[in-house]
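Single-structure report; data block below.
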Amino acid sequence: MDVKSPIECINYSTREAALYIGVCKSALDKSRVSGVLFGQTPPPFLKLGRSIRYRVEDLKAWLEQQESYETLAQAEADKNFGDNPN
């Protein structure tokens, strides 16, 4: 008897996408209307009929584009003064 592995999910619902990138669902919902997610361009989405889906590879790419910091002071300085030259 062959045991089939589960199908890998390549498209996430809004709730799943929000969990994946670490934001609340309502922020992701609002970002589709405003075009802004915490001061950044939100990840792209698909509209399939009435359903909204996010591709996993788009979420991964969006996360990779986000700035990372070593300290909160560095993050605050970047937020207040633009890109950090370091």
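Rule-based calculations on the coordinates, nothing more; no lab input. Computed from a predicted structure; not experimentally measured. All Cβ positions, even for glycine, are placed from backbone atoms using ideal geometry, and neighbour counts span all protein chains on display.
Between beta-carbons, use under 9 Å as the cut-off and find the net charge around Ala18, counting Lys and Arg +1, Asp and Glu -1.
Details: positive: Arg15, Lys25; negative: Glu16, Asp29.
Counting the neighbours of Ala18, the net charge comes to 0.
The modelled label-to-label distance between Ala73 and Arg55, using points 7 Å beyond Cα along the C-beta direction, is 4.2 nm. Projecting label points 7 angstrom from Cα along Cα→Cβ for Val23 and Ile10 puts them 2.4 nm apart.
For the range 41-51, 3J(HN,Hα) computed residue by residue from phi via the Karplus equation (6.51, -1.76, 1.60; θ = phi - 60°) reads 5, x, x, x, 9, 10, 10, 10, x, 9, 8 Hz, glycine and proline entered as x.
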